[in-house]
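As structure tokens, the structure follows; a few thoughts come after it.
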Amino acid sequence: MLSFNSMKVLKCFVISILIISCSKDSDNVSDLTDNNNGSGNGNITNSITYQPENYLKDIANFPIGNVVSVNRLNNSQFTDILKKDFNSITAEWQMKMRSIFNGPDNYNFSHGNTIVNFAKNNNIRVFGHALIWHESIPDWLQSFQGSDEEFEELIENYIKATVTHFAKEKTTINGQEVSVVAGWDVVNEAFTTGAENAIFRKKLGSDYVEKCFRWAREADPNVKLFYNDYSLESNSNKTQNVISLVNDFKSRNIPIDGIGLQMHTDYLNPSISIIEANVQSIINLGLLVHFSELDITVNKDRAITTLTYERARTQELRFKDIVTIYSNIPNNQKFGITMWGIKDDDSWLLNHHNNQNEYPLLMDKNYNYKIAHRGFAEGLK
Ligand code: XIL
């Protein structure tokens, strides 16, 4: 039997060993080991950011994109950072109908032109987004009082004028002359209640999606035509709708080249195997696949007010998994991955979810590379 005193000595010994090993662990917070959640340590900030060894476009075998607006293109800090990682751009809103379509035969292409010129001067591709979206209808068109035939003529003219205009600016890739604007989301988010009730369906008829694709193809025989939607990676009913649409189009020779999966996802849900299965069923259609608006939320539960290491690390792994799924797509079906924003505080989600403490992108608000960027890069290997 140990005496009371020797018990005390033993207890002290065990406690000292524990303290020493704990302090060793906390020195290692920035080692980014999986079992380290970094909580309660002053090094947390260091571990959430990192210095990239590679820029994304340099290690990818497909285009890597991001969103722009004209005012951001005037900010050299933004454009310097953009040009390092990305070789494809999408207008966040300035090539949507609400920005372009001012009235019958009245189109304002000026913002789009600025974006296209910037891209051309920097060997960057432009992706057109989006010709028809029920959330970007100009007020005058929303309250249009004319006949259905007149409405149809307006929309046909709009699609043809816009596609034709943006097909004009050319660049040379691998000795071939191509348009700077490589593709268009022709219809965005048709499989939603909003679109079901919107003016396009009401006035153009239930076959309005195919009409829009035909008009876009008539305007430009070469530009890639996409159907784009959200939750395709998580909602297999919606994915099934898209599959039926494409099969129907194929059987009736209606032009369509690709599917855009927006990929507004979350760091926890759904499981990677669900994402993989839904993406696979889209890949099976044999069309181009675009992850068109990627971001990954980490604070839907609003439990944090600054990004924690634990969530940043889980987000990093999720970026890696999602990019890996994309990397495994057959090369001839890869159109690219487009991120929906550069730095966390620029994200549309801050307003859309009305949560200022959201961190869905690859850089923090001070343009530091988050470890999310490392996850993206890992997924490209
Ligand atoms: C968002 C933009 O990020 C916002 O700046 C704009 O005010 C509204 O649209 N799905 C889409 C995108 O297809 O066009 C949306 O972009 C985000 C959701």
Qualifying residue in region 175-194 (condition: part of a helix (DSSP H, G or I), modelled with pLDDT under 95, within 25 Å of the chain's Cα centre (by Cα) and under 21 Å from Ile256 (Cα atoms)): no
Residue in region 262-282 that is nearest to Gln315 (Cα to Cα), counting only those that are within 16 Å of the ligand (Cβ to nearest atom) and either over 15 Å from the mean Cα position of the chain (by Cα) or in a loop (DSSP other than H, G, I, E, B) (or both): Met263
Residue tally, condition more than 22 Å from the chain's Cα centre (by Cα) and under 22 Å from Glu153 (Cα atoms), over region 204-239: 18
Residue ranges of helices (runs of 4 or more DSSP H) in region 291-381 with at least 3 members within 16 Å of the ligand (Cβ to nearest atom) and not β-branched (Val, Ile, Thr): 349-352
Within region 64-103, strands (runs of 3 or more DSSP E) holding 1 or more residues that are within 16 Å of the ligand (Cβ to nearest atom) and under 18 Å from the mean Cα position of the chain (by Cα): 64-68, 88-91
Options Val289, Val279, Val246, Val242: the member that is within 23 Å of Lys160 (Cα to Cα) and β-branched (Val, Ile, Thr): Val246
Residue match in region 34-49 (condition: under 30 Å from Ser136 (Cβ atoms), in contact with a Phe, Trp or Tyr (Cβ under 8 Å, 6 or more places away or on another chain) and modelled with pLDDT of 50 or more): no
Scan of region 195-205 for residues that are assigned to a loop (DSSP other than H, G, I, E, B) and at pLDDT 95 or above, ordered by number: Gly205
Contacts under 9 angstrom Cβ, first residue in region 120-147 being hydroxyl-bearing (Ser, Thr, Tyr), partner within 15 Å of the ligand (Cβ to nearest atom), 6 or more apart: Ser136/Trp93; Ser136/Lys96; Ser136/Met97; Ser136/Arg98; Ser136/Ser99; Ser136/Ala130; Ser136/Asn188
Ile155 over 14 Å from Ala182 (Cα atoms), of a type in the set (Val, Ile, Thr) and not in a loop (DSSP other than H, G, I, E, B): yes
Sole residue being at pLDDT 95 or above, surrounded by fewer than 15 Cβ atoms within 10 Å (Cβ to Cβ) and more than 20 Å from Lys57 (Cα to Cα), chosen from Ile304, Ile283, Ile275: Ile304
Residues located in region 145-174, provided they are aromatic (Phe, Trp, Tyr) and closer than 17 Å to Ser99 by Cα: Tyr158, Phe166
Residues that are more than 11 Å from the ligand (Cβ to nearest atom) and assigned to a loop (DSSP other than H, G, I, E, B), drawn from region 217-230: Asp220, Pro221, Asn222, Val223
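The values are calculated or read from the model by the stated rules, or taken from the named source; none is laboratory data. Just so you know, these numbers come straight off a predicted model, no measurement behind them. For neighbour counting, all protein chains shown are included, and Cβ atoms are generated from backbone atoms with ideal geometry for every residue, glycine included.
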